[in-house]
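Asks: First the structure, which I've put down as structure tokens, then a few questions once you've had a look.
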Amino acid sequence: MNAPPMTEWLNDLLLILQWLQQSALWAFHALTGKQTGFGQPAWPFSYRLAGEILIIDHGLARQLIISLVAGLLILLLFVLACFWRRARWGLGLIALLLVVFVPWPATTILANAVPTSLHQSPTGFNAGSIQLGSQLYARHCLNCHGVDGRGHGVDAKLLSFLPPDLTSQLLGKRADGELVWHMLHGMYDGKGEQTMPGFAGELTPEDTWALLDYLKALAAGQGAARNGVWPIPVALPDFEVLCNYGDSGRMRSLRRNQFVRLVAVGGEEEVMEDPRLFTVLVGPAADTHENPYVQCRVKDDAVWQSLALIAGTTAKDLPGSQFLADRAGWLRARTFTAWSTEDFLCRDATATAKKEKTVDELQELLLRMDREPVKYIKGGFVH
């Protein structure tokens, strides 16, 4: 079942809740200095606010807003009662009525938490990290989860149940910090029996973040290959870019709120610049001398392999493909031929495409990216 469309008020509510949780985390860290082996402040509670539930149950989200307003009002009444002695009983009665009659939300707004629940990945989803993750996956995960991540590895039949499909929306339902925690410490069912071993003795914290980056890219590629969509939003990988003129540096700093086009070149095909886009040539044949109209390129094999993975194809079949990223750095479209509105792979399943009458297909893709910005909630956190 698809979640109802995200609305501005709900997005604002989730941002507020996220800020409140982060504030509580940093306050606790300032008082105790407690942090995890990942070098980030440890979440001190057994539960966290479940933003992933609120985006499905809008009624519960509205109930929570009412409760937050009521809580602030009760606090205000308490402060007033401390200074306005003559009205103390009346203010106290109003506060009591609020406590009794306000529809306080159920505990379903809470989700189980671990010390790393609010951790953020330090990798920036970079191509080198994805490449390292592919090696770690082959070493530790392949036999159970399979080459495609769908849980059909050679050892899966020896288990009492099939491993979960890592290429579905599963990764988007858990916070990154909780996923890496389970990589290190394993997973357990409701009876306390282990369903996945932990790899704390074999993976460093840095390894777990790299493995998670690989899983995100794998999920995107498998979703694109099977269903023509990316099941969860996937970011533009970060990498080092070389430019003939102007700045060279990391893609994350160079894109500067622009649309980005990556072109995988495999030979002497000519690529033209487009004033609407920041274009980067990718691949061992990426040569701006052969393509004088394009000033920026990257020849790093890790970038080539990462894009092939995200595209749902092989490295040898990648030449000629192109990728589009929106102004916020999310990959939104991919093509192997000429651009078409059907190439929009990262989209809201509930949204209806609005076809413009006087624009080309590429222009329509760019307009649609602006009309339908990514509002991504992963494990309760706004990304």
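Asks: Enumerate the helices (runs of 4 or more DSSP H) found wholly within the range 53-141, keeping only those where 2 or more residues are within 26 Å of L184 (Cβ to Cβ) and either among the aliphatic types (A, V, I, L, M) or in contact (Cβ under 8 Å) with a residue 40 or more places away in the chain (or both).
Replies: 127-140
Asks: Residues that are over 22 Å from T337 (Cα atoms) and buried (at least 19 other Cβ atoms within 10 Å of the Cβ): does the range 256-265 have at least one?
Replies: No, the range 256-265 contains no residue that is over 22 Å from T337 (Cα atoms) and buried (at least 19 other Cβ atoms within 10 Å of the Cβ).
Asks: Modelled with pLDDT of 90 or more and either assigned by TED's automatic domain parsing to the domain that holds Y376 or within 30 Å of T208 (Cα to Cα) (or both), is that true of G39?
Replies: For G39, the condition - modelled with pLDDT of 90 or more and either assigned by TED's automatic domain parsing to the domain that holds Y376 or within 30 Å of T208 (Cα to Cα) (or both) - is met.
Asks: Between S168, S129, which is crowded, with 16+ Cβ neighbours inside 10 Å and modelled with pLDDT of 90 or more?
Replies: S129
Asks: Residue under question is A224, and the condition is that it be aliphatic (A, V, I, L, M), surrounded by 13 or more Cβ atoms within 10 Å (Cβ to Cβ) and under 19 Å from the mean Cα position of the chain (by Cα); does it hold? Steps first, answer last, please.
Replies: Values: aliphatic (A, V, I, L, M): yes; surrounded by 13 or more Cβ atoms within 10 Å (Cβ to Cβ): yes; under 19 Å from the mean Cα position of the chain (by Cα): yes.
Here the answer is yes, as A224 does meet what is asked.
Asks: I'm told I53 meets every condition in (1) more than 25 Å from the chain's Cα centre (by Cα); (2) over 22 Å from T208 (Cβ atoms) except one. Can you identify the failing condition by its number?
Replies: (1)
Asks: Could you list all residues from the range 146-160 that are over 18 Å from T208 (Cβ atoms) and outside any helix (DSSP H, G or I)?
Replies: Of everything in the range 146-160, those that are over 18 Å from T208 (Cβ atoms) and outside any helix (DSSP H, G or I) turn out to be G146, V147, D148, R150, G151, H152, G153, V154, D155, L159, S160.
Asks: What number of residues within the range 348-372 are under 22 Å from the mean Cα position of the chain (by Cα), surrounded by 14 or more Cβ atoms within 10 Å (Cβ to Cβ) and at pLDDT 75 or above?
Replies: Qualifying residue count, the range 348-372: 5.
Asks: Within the range 161-196, work out how many residues are assigned to a loop (DSSP other than H, G, I, E, B) and within 17 Å of G146 (Cβ to Cβ).
Replies: 8
Asks: Quick one: how many residues across the range 215-243 are in contact with a Cys (Cβ under 7 Å, 6 or more places away or on another chain) and either basic (K, R) or assigned to a helix (DSSP H, G or I) (or both)?
Replies: Selection size over the range 215-243: 0.
Asks: Here is a list of conditions, (1) in contact (Cβ under 8 Å) with a residue 60 or more places away in the chain; (2) of a type outside the set (G, A, S); (3) closer than 19 Å to V382 by Cα, and L13 meets all of them except one; can you say which number that is?
Replies: (1)
Asks: Checking R261 against (1) modelled with pLDDT of 95 or more; (2) in contact with a Pro (Cβ under 9 Å, 6 or more places away or on another chain); (3) over 25 Å from M183 (Cβ atoms), only one condition comes out false. Which one?
Replies: All conditions are met except number (2).
Asks: In the range 36-70, what count of residues is obtained for those that are touching a Pro at 6+ places or on another chain (Cβ under 7 Å), surrounded by 13 or more Cβ atoms within 10 Å (Cβ to Cβ) and closer than 21 Å to H182 by Cβ?
Replies: Of the residues in the range 36-70, 4 are touching a Pro at 6+ places or on another chain (Cβ under 7 Å), surrounded by 13 or more Cβ atoms within 10 Å (Cβ to Cβ) and closer than 21 Å to H182 by Cβ.
Asks: So for the range 73-80 (the condition being within 20 Å of G379 (Cβ to Cβ) and among the aromatic types (F, W, Y)), does at least one residue qualify? It would help to see each step written out before you state the result.
Replies: To start, the set of residues in the range 73-80 that are within 20 Å of G379 (Cβ to Cβ) comprises none.
No; the residues of the range 73-80 include none that is within 20 Å of G379 (Cβ to Cβ) and among the aromatic types (F, W, Y).
Asks: Also, I was wondering about something else. Return the residues of the range 253-270 that are out of contact with any Phe, Trp or Tyr (no Cβ under 9 Å at 6 or more places or on another chain) and either touching a residue at least 40 places away in the same chain (Cβ under 8 Å) or among the aliphatic types (A, V, I, L, M) (or both); say none if nothing qualifies.
Replies: N257, V265, G266, G267, E269
Asks: OK, next. Which numbered condition in (1) closer than 15 Å to L211 by Cβ; (2) out of contact with any Gly (no Cβ under 7 Å at 6 or more places or on another chain) is the only one that A113 fails?
Replies: (1)
Asks: Right, something else. In the range 105-126, which residue that is of a type in the set (G, A, S) and closer than 19 Å to K216 by Cα is surrounded by the most Cβ atoms within 10 Å (Cβ to Cβ)?
Replies: It comes out as S117.
The values are calculated or read from the model by the stated rules, or taken from the named source; none is laboratory data. Bear in mind that the values here come from a model prediction, so they are computed numbers and not experimental data. Here the Cβ is made from the backbone with ideal geometry for all residues, glycine too, and neighbour counts use every protein chain on show.
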